[in-house]
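Take a look at the structure set out below.
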Amino acid sequence: MLAKLRYEILFTLVDSNQNILEGHFNFIISLAEQCFLNEYVFAQSKKEINHVNQLTNKIVNNKKINELEMAILGCYIPLHTSKNITNKLLDYKSKNILFNDLITMQIKEPLKETELVNSIKSFSKIFDAVSKKVREQYEEHPYPRWRYAYKNLPSNFLFQLNHEIKPNKIEYSNKFVNPNVLIAGCGTGRHTTMAERYLNANILGVDLSLVSLAYAKRKTEESGFKNIEFLHADILQLKNLNRKFDVIECVGALHHMKDPLTGLKVLLDLLEPHGFLKLGLYSEISRQHIVKAREFIKEKKFKNTIEDIRNFRESIVKEKDDQLLQKIFNINDFYSISMARDLMFHVQEHRFTLPEISKMLKNLNLKFLSFDDPLIKKEFSKIFPNDKKNISLDNWNQFEISNPDTFSNMYQFWVRKIKKI
Ligand SMILES: C[S@@+](CC[C@H](N)C(=O)[O-])C[C@H]1O[C@@H](n2cnc3c(N)ncnc32)[C@H](O)[C@@H]1O
C-alpha cells in the first residue's frame, strides 16, 4: 500500500500536478522517513527508477530548494547519497519542522555517523574468515536501525536479574554495586542502551562492524549516556582483552560465528566467577520457516543485494500455498532491508535445540537460571506446575516440541558458573 502510494506521488509530480501534492506534503515527508528507516525495502519499477534519476538531475541543477521534490526523492533514495543535495540542505532551515526533521534523518545523522567511525578504537585486526564475511554484511547493513528504545528506571543489576528470572531467584550480593557489563555483538547500540537499566554500570559494547558502532555511538551521545564505551573487535580476539566482567550479554551474535562454542568459551574466560551471562541463540524448531526461506533463496539464486532482497520479498508473496513461507509475513524483520538480510540472507547461521544447549551448558559447568520471557514461562508453568523454578531444560524441550513457535524470538536465557567446591 505504501509502495503504491509512493508510485502515485511520483507520477503525480511527473504529470506536473505539484499543487495536488502540496496538500499532502507532511504525509510525503513521513513516507520519506519511513522509506529511509526501512532502507528502501519497497520494490521500484524500471519506470520509477528512470523518473527518480530525472528528478535527481532536476534537483541537482536547480539552484533553489524545492522541498516537495526533495521529499519525494527522499522516498526513493537517501538524500545524503548526493553530495550536491547534502551541500544544499546541510544548513537549510525550513518553516516546516517535519522537513527539518527529514534533513536531520537523511543528511545530518548519516554524516555524524561517518565522522564517528574514526573515533572508535579497534582492538585488533579481524583474522577469522567467517568473522570477515559477517563483518562485511553488517558494515553494509547495520542491524537494527532503531529510533527509540524502552527506558527502564535503573536499579541494582540483581534486582533486574531477579525480575527477569522469576520464579527462580538469586541471593543478594554486594558485587553488583558498580557492575562491569560487556555487550558482545552490540550491533547499533539498542542493546547497550537497554543495559542502562543496570544502576551504576560501566558498559562496554563490542562489535565487528564499525558502521554499526558509529550508529550506536551517535545514539548514545544523543541520549547523554556517559558510561558506555565502544570497541571494534571480534569476540574471538577478546581473549587478549585483560579485563573481567560481572555481567556479559551476547544476544544474536554467537550463532553467526564459525564455531559458537569457541566464542562462548572466550566470553566465559572474561566472566567473573560470581558473574552472570545472558545468551540469545536461534532455535532449530522455531526457525523452520526461515530454513525454508533460505532454501528458496538458494534455489532461486537470490543474492544478498538490495535489489534481490526486494525481488525475493515480491516472489514469496506469490507462494500462497506454502504455509511455512507465508509465516514470514508475520515477522517484523521482513519489513526492512537490514532486518530481512539478517533474518534470511545471513552469511552464517547456526541453530540449536534445547538438548544441545543443555549438553553444552553441562560440559562448560554452567547453571541454567531462566528464560527471560515472562509470558512463555506463564504458559510453561501451566503444563509443568511441579517445575517450580521453570529450569528443567528437558521439560522445556517437551514444551517447545508441543509449541514450536515458542522461541521464534531466539532462546534468550541467563546462566552462571557452577561454583567449584
Ligand atoms: C543480529 S545483530 C544483534 C545486535 C544486538 N545484540 C541486538 O540484539 O540488537 C548481531 C551483531 O553481532 C555482531 N557479531 C557477529 N559476530 C561477531 C563476532 N565474532 N564478534 C563481534 N561481533 C559479532 C554483528 O556484527 C552484529 O552487529
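The values are calculated or read from the model by the stated rules, or taken from the named source; none is laboratory data. Given the structure is predicted, the values throughout are model-derived calculations rather than measurements. Backbone-built Cβ (ideal geometry, glycine too); neighbour counts: all protein chains shown. Heavy atoms of the whole protein, side chains included, go into the accessibility calculation; ligands, DNA and RNA do not. Shrake-Rupley method; radii C 1.70, N 1.55, O 1.52, S 1.80 Å.
If I filter the stretch 233-245 down to residues being touching an Asp or Glu at 6+ places or on another chain (Cβ under 7 Å) and either without any contact (Cβ under 8 Å) to a residue 40 or more places away in the chain or open to solvent by 10 Å² or more (accessible area, probe 1.4 Å) (or both), which single residue comes out as nearest to the ligand (Cβ to nearest atom)?
Step one: list which residues in the stretch 233-245 are touching an Asp or Glu at 6+ places or on another chain (Cβ under 7 Å), which gives 234, 236, 239, 244-245.
From what's left, either without any contact (Cβ under 8 Å) to a residue 40 or more places away in the chain or open to solvent by 10 Å² or more (accessible area, probe 1.4 Å) (or both): 236, 239, 244.
On the way: 236: 6, 239: 12, 244: 18 Å.
Taking the candidates together, the pick is 236.
State the number of residues belonging to the stretch 154-163 that are out of contact with any strand residue (DSSP E or B) (no Cβ under 7 Å at 6 or more places or on another chain) and either within 25 Å of residue 379 (Cβ to Cβ) or part of a helix (DSSP H, G or I) (or both).
Total satisfying the criteria: 4.
Among the residues that make up the stretch 264-276, is at least one of them open to solvent by less than 30 Å² (accessible area, probe 1.4 Å), within 10 Å of the ligand (Cβ to nearest atom) and more than 17 Å from residue 411 (Cα to Cα)?
Yes: the stretch 264-276 contains one or more residues that are open to solvent by less than 30 Å² (accessible area, probe 1.4 Å), within 10 Å of the ligand (Cβ to nearest atom) and more than 17 Å from residue 411 (Cα to Cα).
Answer with yes or no whether residue 135 is under 17 Å from the mean Cα position of the chain (by Cα), among the basic types (Lys, Arg) and within 10 Å of the ligand (Cβ to nearest atom).
Details: under 17 Å from the mean Cα position of the chain (by Cα): yes; among the basic types (Lys, Arg): yes; within 10 Å of the ligand (Cβ to nearest atom): yes.
Answer is yes for this residue.
Could you check the stretch 109-138 and list, in sequence order, the residues that are open to solvent by less than 70 Å² (accessible area, probe 1.4 Å) and β-branched (Val, Ile, Thr)?
117, 120, 126, 130, 134
With the structure loaded, tell me whether residue 129 is farther than 23 Å from residue 306 by Cβ and more than 17 Å from the chain's Cα centre (by Cα) or whether it fails that test. Full working, then the answer.
Numbers: farther than 23 Å from residue 306 by Cβ: yes; more than 17 Å from the chain's Cα centre (by Cα): yes.
For residue 129, the condition - farther than 23 Å from residue 306 by Cβ and more than 17 Å from the chain's Cα centre (by Cα) - is met.
Can you tell me which residue in the stretch 206-215 is nearest to residue 238 (Cα to Cα), limited to those that are near the ligand (Cβ under 9 Å from one of its atoms) and not in a loop (DSSP other than H, G, I, E, B)?
To start, the set of residues in the stretch 206-215 that are near the ligand (Cβ under 9 Å from one of its atoms) comprises 206-209, 212-213.
Going one step further and asking which of them are not in a loop (DSSP other than H, G, I, E, B), we end up with 206-207, 212-213.
Numbers: 206: 9, 207: 11, 212: 18, 213: 17 Å.
Ranking the qualifying residues of the stretch 206-215, first place goes to 206.
Just to verify a result, which residue in the stretch 139-153, among those that are within 10 Å of the ligand (Cβ to nearest atom) and open to solvent by 30 Å² or more (accessible area, probe 1.4 Å), is modelled with the lowest pLDDT?
The residue in question is 149.
Tell me the residue from 208, 199 that is open to solvent by 20 Å² or more (accessible area, probe 1.4 Å) and closer than 14 Å to residue 253 by Cβ, please.
When all the criteria are applied, what remains is 208.
Would you confirm whether or not the stretch 281-288 contains a residue that is in a helix (DSSP H, G or I), under 24 Å from residue 263 (Cα atoms) and over 17 Å from the mean Cα position of the chain (by Cα)? If you could, list the steps in order and put the result at the bottom.
Initial filter on the stretch 281-288 (in a helix (DSSP H, G or I)): 288.
Now drop any that are not under 24 Å from residue 263 (Cα atoms), which leaves none.
Looking for residues that are in a helix (DSSP H, G or I), under 24 Å from residue 263 (Cα atoms) and over 17 Å from the mean Cα position of the chain (by Cα), one finds none in the stretch 281-288, hence no.
Residues 82, 45, 124: which one is outside the structural domain of residue 211 (by TED's automatic domain parsing), over 22 Å from the mean Cα position of the chain (by Cα) and within 16 Å of the ligand (Cβ to nearest atom)? Spell out the reasoning first.
Values: 82 fails: within 16 Å of the ligand (Cβ to nearest atom); 45 fails: within 16 Å of the ligand (Cβ to nearest atom).
Step by step, each of 82, 45, 124 is checked, and only 124 is outside the structural domain of residue 211 (by TED's automatic domain parsing), over 22 Å from the mean Cα position of the chain (by Cα) and within 16 Å of the ligand (Cβ to nearest atom).
When residues of the stretch 154-179 are filtered for being open to solvent by less than 50 Å² (accessible area, probe 1.4 Å) and either within 25 Å of residue 264 (Cα to Cα) or in contact (Cβ under 8 Å) with a residue 60 or more places away in the chain (or both), how many remain?
Residues that pass the stated criteria total 12.
State all residues of the stretch 350-395 that are touching a helix residue (DSSP H, G or I) at 6+ places or on another chain (Cβ under 6 Å) and closer than 23 Å to residue 327 by Cα; if no residue qualifies, say none.
350, 354, listed by residue number.
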